[in-house]
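The values are calculated or read from the model by the stated rules, or taken from the named source; none is laboratory data. Model, not experiment: these values are computed from the prediction. A quick note on method: Cβ atoms are made from the backbone with ideal geometry, for glycine too, and the neighbour counts reach across all protein chains shown.
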Amino acid sequence: MALEMPTERWSGKLNTVTIGAGTRTSVVTVGGETTLPFLKFEGETPNPPVVAMEVLDVPLADIPPALAEPFGDVVNDPAAWARKCVDEFGAEMICLRFAGANPEGADKSPDECKAVLQSVLQAVGVPLIIWGCGNFEKDNNLIPVLSQAAAGERCLLGSAVQDNYKTIAACSLADGHLVIGEAPLDIQIQKQVNILLTDMGVSTENIVMYQTTGGLGYGVEYAYSIMERTRLAALSGDKMMSMPMLAVVGSECWKTKEARLSEDVAPEWGDAAVRGPIWEATTANLFLHGGADILVMWHPQAVAQVKRTISELTGEGL
Amino acid sequence: MGLTAVDIFKHLPKTNCRDCGVPTCLAFAMKVAQKQASLDDCPHVTDEAKAALAGESAPPIRLVTVGAGEKKLELGQETVLFRHENTFLRPCGLAVMLEAGLDDAAVEAKLAHFKTLEFDRVGMMLGINLVAVKSAGDAERTAAVAKKASEALGLPLILMGGSAAELAPAVAAVKDTRPLIHAATAENLDEMVALAKENGCTLVVQAADPGALCELTPKAVEAGVQDLILQTAAASAGGILQDQTVIRRAALVKKERRLGYPTLVVIDDEDPLDAATKASLAIAKYAGIVVLKNDSKPVLLAAVTARLNIYTDPQKPIQIEAKLYEVGEPTDQSPVLVTTNFSLTYFTVEGDVSASKVPTWIVVVDTEGTSVLTAWASEKFSAESIAAAIKSTGVEEKVGHRSIMLPGGVAVLKAKLEDESGWSVQVGPRESSGLPTVLRSWSPN
Ligand code: B12
Ligand code: SF4
């Protein structure tokens, strides 16, 4: 007796989201899946997941040699940094995070940030994720300036949370951008954020979900399971949970000891030059299988690995 | 697995003779399903029907053991497709490969290296569980290497070879440790099954894909070996994902008995990133055993960590007892820190405190196994709960001073905690990695 393939018939489908327009020389389309991640016997993955590389408006401080080495000096210049990510490391998007705007840090002004954004828009043609500093008050002053400076470029703006979503939603509507809806590893809150955004008029095709992430060994399993549950909800037809998902991988991983400690300090963990990239690539891979569509990453070797895996998972044959 | 009344009814004589004391066979089937009657109460049920029902009520994925004694591995009997539905129950075995063709010095070096593949994570020593000895054709050499590996490491072995003749001496050499025999294929099934049966070993059955496995496993069972582990030819990420998913789903959802066994995945990749990421895929997607050719420490550290994470019960974070802990030999003038009883939090802090070499007391608050910020956000790590822990742990009898250090992330609790506890509160660094510097110059305020 032949094996009866255990195929599920899903009623739902993920939204398709396109990022990038205007002066962008490439656009990114994600979503549209009709299956749990990459099950070819079950459904389609019309748009493979993509890798965005993260660039900060301030130099990366205090980073281990394994992460510093591939970037060299460019970490002092966001435009050069972004260009290197695209030209040399194959980033399909740039995630520009304005960490330097944080009042607890460098407290850069919206105008300073705007200049950085403009230099990056000039330097690369790929679509942009523009992420604030996480301080609500500051972001509410900063995001409108950045949004306007990039009007018409269909950037992805981060991030709208339950307690602070109105400004970002208004910016996306005014300037033609998309929004990242964020929730702290909580399906109910995620859905609530999506509802709040759509109630303000943001279309579901302009929302990407971010459920927060934990690195390998530091909560990766929570994010993995939340992603699986979200994908199941989408495939079962819940339109308010059918947005593609984004996962922040690089910054989560490179704060762990396993990625950071040198071999002198932790000889039992082996070669630090590969340990950090392994940490990041492994975390990213787990999120791919959880259902992430956009991975925000740091290390070029991890990026290359993840891109290899994505093409192995979505390319011809098995 | 409970059987439904319909499952049971199918196997009854359907004569409604009432000898069981119930008016109809269907009513009787319902009683059996509800455990109010036993199948034996029907005098007419055939032995075949009993056997069939016993089979159908067995767990959909068989529990299979590899090895013997303390280090044996129990695999299978999983119940869900997604860990959030319940939990994954039996952590997969991680194996590293040992080529029997290596010379003695190289074998010794490998074995010495394998001994280092054990890592301290959240207070547990976690590492490899098996060594896969791969024959290079010379049966006697394979047996010698297997014996050496078994003695040196005390771990169960997987013996890999193409024919029973190639493996028989090795199996005999380590028979008492119940090695896993790898692998029976369509070509050598009979001899491999015989070897497994003779030695009471579990057997890997290998075929191109799940469909082809369905043809082999019934033959092995019929020949008398029920303890099987399945392997397909898939080696790419896509192939591993599809085959593992098909096997787990068919077994659980379709009750496909022929695939109701744990699986084994071999990862041949040399590149450390490819090896580690494929291992994480196999771990997340249902593998029972993952065999790695790349045996470097970072790859195994990542694999061990991924396994720990994926197999953690989603309803119950790994936690420690809430009480007063000592790092080093603290005195009545040593610093006092407070943290949560989430294992990850506690052991991260403890590691950094040890690194400081400053003997220290740590008050651990019961936050139901949640991290500092998670517990703070859910009000389990509050001025009240910390003050209560200061009282209940007895730290007040242990130290002469009244100064306690909070994690930097919850600095906002300072004033209230001072009120609640009467202790003076210092705000420590956000990340415990900052503790060594702070502790070395610590004094009570
Ligand atoms: C995994 C996780 C969860 C898991 C729980 C994990 C667990 N067992 O705790 C789940 C999914 C259940 C969860 C739930 C929630 N979470 Co949560 N969660 C996280 C996540 C991703 C990781 C937490 C973690 O494990 N950290 C690792 C441990 C080791 O860190 P730690 O305990 O803080 O310890 C460090 C420091 O504090 C310090 N330290 C610790 N002790 C001490 C002691 C001293 C003396 C010193 C000096 C230092 C020190 O050193 C340690 C190492 O650096 C974080 C975000 C993130 N990426 O960090 C959010 C996060 C903590 N969660 C958050 C929230 C809001 C919640 C919820 C309230 C959300 C909700 N509404 O459902 C719930 C509450 C749960 C409940 N009702 O019980 C917020 C907290 C925001 C805030 N600042 O208040 C965070 C920061 C996410 C966010 N950005 O919004 N969460
Ligand atoms: S004794 Fe058996 S055959 Fe007769 S009615 Fe009961 S179940 Fe049916």
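Do we have B:K219 as of a type outside the set (V, I, T) and modelled with pLDDT under 95 here? So that I can check it myself, show each step before the final result.
Values: of a type outside the set (V, I, T): yes; modelled with pLDDT under 95: no.
In short, no.
Is it the case that region A:219-232 has a residue that's surrounded by fewer than 21 Cβ atoms within 10 Å (Cβ to Cβ), under 24 Å from B:R430 (Cα atoms) and of a type in the set (A, V, I, L, M)?
Among the residues of region A:219-232, not one is surrounded by fewer than 21 Cβ atoms within 10 Å (Cβ to Cβ), under 24 Å from B:R430 (Cα atoms) and of a type in the set (A, V, I, L, M), which makes the answer no.
Pick from B:G369, B:G434: which is under 22 Å from A:E258 (Cβ atoms) and surrounded by fewer than 18 Cβ atoms within 10 Å (Cβ to Cβ)?
Numbers: B:G369 fails: surrounded by fewer than 18 Cβ atoms within 10 Å (Cβ to Cβ).
Selected residue: B:G434, the only one of B:G369, B:G434 that is under 22 Å from A:E258 (Cβ atoms) and surrounded by fewer than 18 Cβ atoms within 10 Å (Cβ to Cβ).
I'd like the full set of residues that are assigned to a loop (DSSP other than H, G, I, E, B) and in contact with a Ser or Thr (Cβ under 8 Å, 6 or more places away or on another chain), limited to region B:196-224.
The initial filter retains those residues of region B:196-224 that are assigned to a loop (DSSP other than H, G, I, E, B), namely B:200-202, B:208-209, B:223-224.
Within region B:196-224, B:T202, B:A208, B:D209 qualify.
Would you mind stating whether B:E384 is in the same structural domain as B:G434 (by TED's automatic domain parsing) and more than 9 Å from ligand 1 (Cβ to nearest atom)? Spell out the reasoning first.
Values: in the same structural domain as B:G434 (by TED's automatic domain parsing): yes; more than 9 Å from ligand 1 (Cβ to nearest atom): yes.
Considered against the rule, which asks whether it is in the same structural domain as B:G434 (by TED's automatic domain parsing) and more than 9 Å from ligand 1 (Cβ to nearest atom), B:E384 comes out as yes.
Considering every residue within region B:378-391, establish whether at least one is surrounded by 17 or more Cβ atoms within 10 Å (Cβ to Cβ), within 29 Å of A:E258 (Cβ to Cβ) and of a type in the set (K, R).
Residues of region B:378-391 surrounded by 17 or more Cβ atoms within 10 Å (Cβ to Cβ): B:380-383, B:385-387, B:389-390.
Now narrow it down to the ones that are within 29 Å of A:E258 (Cβ to Cβ): B:380-381.
Now restrict to residues that are of a type in the set (K, R): B:380.
The answer is yes; a qualifying residue exists.
So, in region B:37-56, exactly how many residues are modelled with pLDDT of 90 or more and more than 12 Å from ligand 2 (Cβ to nearest atom)?
Total meeting the criteria: 0.
Restricting to region A:161-196, what's the tally of residues that are within 12 Å of ligand 1 (Cβ to nearest atom), within 18 Å of A:N15 (Cβ to Cβ) and of a type in the set (D, E, K, R)?
1
Go through region A:290-308 and count every residue that is out of contact with any strand residue (DSSP E or B) (no Cβ under 7 Å at 6 or more places or on another chain), surrounded by fewer than 24 Cβ atoms within 10 Å (Cβ to Cβ) and touching a residue at least 40 places away in the same chain (Cβ under 8 Å).
Step one: list which residues in region A:290-308 are out of contact with any strand residue (DSSP E or B) (no Cβ under 7 Å at 6 or more places or on another chain), which gives A:290, A:299-302, A:304-305, A:308.
Then keep just the ones that are surrounded by fewer than 24 Cβ atoms within 10 Å (Cβ to Cβ); that gives A:300-301, A:304, A:308.
Narrowing further to those that are touching a residue at least 40 places away in the same chain (Cβ under 8 Å): A:300-301, A:304.
Of the residues in region A:290-308, 3 are out of contact with any strand residue (DSSP E or B) (no Cβ under 7 Å at 6 or more places or on another chain), surrounded by fewer than 24 Cβ atoms within 10 Å (Cβ to Cβ) and touching a residue at least 40 places away in the same chain (Cβ under 8 Å).
Anything in region B:337-365 that is surrounded by 20 or more Cβ atoms within 10 Å (Cβ to Cβ), more than 9 Å from ligand 1 (Cβ to nearest atom) and modelled with pLDDT of 95 or more? List them, or say none.
Across region B:337-365, the qualifying residues are B:N341, B:T360, B:W361, B:V363, B:V364, B:V365.
Scan region B:1-36 for residues that are within 11 Å of ligand 2 (Cβ to nearest atom), outside any helix (DSSP H, G or I) and among the basic types (K, R) and report the count.
Final tally of qualifying residues: 2.
Return the only residue of B:D104, B:D7, B:D19 being over 31 Å from the mean Cα position of the chain (by Cα), without any contact (Cβ under 8 Å) to a residue 24 or more places away in the chain and more than 16 Å from ligand 1 (Cβ to nearest atom).
Working: B:D7 fails: without any contact (Cβ under 8 Å) to a residue 24 or more places away in the chain; B:D19 fails: without any contact (Cβ under 8 Å) to a residue 24 or more places away in the chain.
On inspection, the qualifying residue turns out to be B:D104.
Quick one: would you say A:Y165 is aromatic (F, W, Y), within 11 Å of another protein chain (Cβ to nearest Cβ) and in contact (Cβ under 8 Å) with a residue 12 or more places away in the chain?
no
Hey, among A:G105, A:G152, A:G134, which residue is within 16 Å of the chain's Cα centre (by Cα) and in contact (Cβ under 8 Å) with a residue 24 or more places away in the chain?
Values: A:G105 fails: within 16 Å of the chain's Cα centre (by Cα); A:G152 fails: within 16 Å of the chain's Cα centre (by Cα).
Criteria check complete, one pass: A:G134.
Is it true that some residue in region B:186-203 is within 14 Å of chain A (Cβ to nearest Cβ), of a type in the set (S, T, Y) and closer than 13 Å to B:Y261 by Cα?
Taking region B:186-203 and keeping what is within 14 Å of chain A (Cβ to nearest Cβ), we get none.
Scanning region B:186-203, I find no residue that is within 14 Å of chain A (Cβ to nearest Cβ), of a type in the set (S, T, Y) and closer than 13 Å to B:Y261 by Cα, so the answer is no.
Out of the residues in region B:354-365 that are out of contact with any Gly (no Cβ under 8 Å at 6 or more places or on another chain) and touching a residue at least 40 places away in the same chain (Cβ under 8 Å), state the one that is farthest from ligand 2 (Cβ to nearest atom).
Restricting attention to region B:354-365, the residues satisfying the condition of being out of contact with any Gly (no Cβ under 8 Å at 6 or more places or on another chain) are B:355-356, B:361-365.
Going one step further and asking which of them are touching a residue at least 40 places away in the same chain (Cβ under 8 Å), we end up with B:355-356, B:363-365.
Details: B:A355: 71, B:S356: 73, B:V363: 64, B:V364: 59, B:V365: 59 Å.
In this case the residue turns out to be B:S356.
Tally the residues that are more than 19 Å from A:A281 (Cβ to Cβ) and out of contact with any Lys or Arg (no Cβ under 7 Å at 6 or more places or on another chain), restricting the search to region A:61-83. First the steps, then the outcome.
Start the filter on region A:61-83 by keeping residues that are more than 19 Å from A:A281 (Cβ to Cβ), which leaves A:61-62, A:72-83.
Filter again for out of contact with any Lys or Arg (no Cβ under 7 Å at 6 or more places or on another chain), leaving A:61-62, A:72-73, A:75-83.
Selection size over region A:61-83: 13.
Among A:M243, A:M209, which is the only one that is assigned to a loop (DSSP other than H, G, I, E, B), more than 16 Å from ligand 2 (Cβ to nearest atom) and of a type in the set (A, V, I, L, M, F, W, C)? So that I can check it myself, show each step before the final result.
On the way: A:M209 fails: assigned to a loop (DSSP other than H, G, I, E, B).
After ruling out the rest, the residue left standing is A:M243.
Results for (1) within 16 Å of the chain's Cα centre (by Cα); (2) at pLDDT 95 or above, shown as yes or no for each residue.
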site: A:M240; (1), (2): no, yes
site: A:L261; (1), (2): no, no
site: A:A273; (1), (2): no, yes
site: A:T283; (1), (2): yes, yes
site: A:L286; (1), (2): yes, yes
site: A:A292; (1), (2): yes, yes
site: A:K307; (1), (2): yes, yes
site: A:T314; (1), (2): no, no
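Under the condition of being more than 13 Å from chain B (Cβ to nearest Cβ), out of contact with any Leu (no Cβ under 8 Å at 6 or more places or on another chain) and not polar (S, T, N, Q), which residue from region A:25-49 is nearest to B:I247 (Cα to Cα)? Step through it out loud before you land on a result.
If we filter region A:25-49 for residues that are more than 13 Å from chain B (Cβ to nearest Cβ), which is where we start, we get A:25-34, A:44, A:46-47.
From what is left, the residues that are out of contact with any Leu (no Cβ under 8 Å at 6 or more places or on another chain) are A:25-30, A:44, A:46-47.
Filter once more, so that each one left must be not polar (S, T, N, Q): A:27-28, A:30, A:44, A:46.
Details: A:V27: 38, A:V28: 34, A:V30: 29, A:E44: 20, A:P46: 25 Å.
So the residue we want is A:E44.
When you look at B:F82, is it without any contact (Cβ under 8 Å) to a residue 40 or more places away in the chain, assigned by TED's automatic domain parsing to the domain that holds B:E151 and either within 16 Å of ligand 1 (Cβ to nearest atom) or surrounded by 18 or more Cβ atoms within 10 Å (Cβ to Cβ) (or both), yes or no?
In short, yes.
Residues B:T437, B:T393, B:T345: which one is of a type in the set (S, T, Y), out of contact with any helix residue (DSSP H, G or I) (no Cβ under 9 Å at 6 or more places or on another chain) and closer than 17 Å to B:V327 by Cβ? It would help to see each step written out before you state the result.
Working: B:T437 fails: out of contact with any helix residue (DSSP H, G or I) (no Cβ under 9 Å at 6 or more places or on another chain); B:T345 fails: out of contact with any helix residue (DSSP H, G or I) (no Cβ under 9 Å at 6 or more places or on another chain).
Only one candidate passes the filter, namely B:T393.
Considering each residue of region B:17-48, count those that are under 24 Å from B:Q77 (Cα atoms) and of a type in the set (A, V, I, L, M, F, W, C), and give that number.
Total meeting the criteria: 2.
Here is a yes/no grid of residues against (1) β-branched (V, I, T); (2) assigned to a helix (DSSP H, G or I):
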site	(1), (2)
A:I226	yes, yes
A:A233	no, yes
A:E252	no, yes
A:K255	no, no
A:G276	no, yes
A:F287	no, yes
A:V303	yes, yes
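Picking from B:L273, B:L241, which residue would you name as being part of a helix (DSSP H, G or I), in contact (Cβ under 8 Å) with a residue 12 or more places away in the chain and either within 9 Å of chain A (Cβ to nearest Cβ) or within 30 Å of B:V221 (Cβ to Cβ) (or both)?
Working: B:L273 fails: in contact (Cβ under 8 Å) with a residue 12 or more places away in the chain.
On inspection, the qualifying residue turns out to be B:L241.
Which condition does A:T282 not pass, out of (1) closer than 25 Å to A:I129 by Cβ; (2) not in a helix (DSSP H, G or I), if it passes all the others?
So A:T282 meets the others, but not (2).
If you take the residues of region A:180-233 that are β-branched (V, I, T) and away from chain B (no Cβ under 14 Å), which of them is farthest from A:I129 (Cα to Cα)?
First, pick out the residues of region A:180-233 that are β-branched (V, I, T): A:180, A:187, A:189, A:193, A:195, A:198, A:202, A:204, A:207-208, A:212-213, A:220, A:226, A:230.
Among the residues that remain, those that are also away from chain B (no Cβ under 14 Å) are: A:180, A:193, A:195, A:198, A:202, A:204, A:207-208.
Working: A:I180: 9, A:V193: 19, A:I195: 22, A:T198: 20, A:V202: 17, A:T204: 18, A:I207: 12, A:V208: 11 Å.
Per the criteria, the residue is A:I195.
Name the residue that is farthest from A:T18 (Cα to Cα), counting only residues in region A:255-285 that are in contact with a His (Cβ under 8 Å, 6 or more places away or on another chain) and more than 8 Å from chain B (Cβ to nearest Cβ).
The qualifying residue farthest from A:T18 (Cα to Cα) is A:G276.
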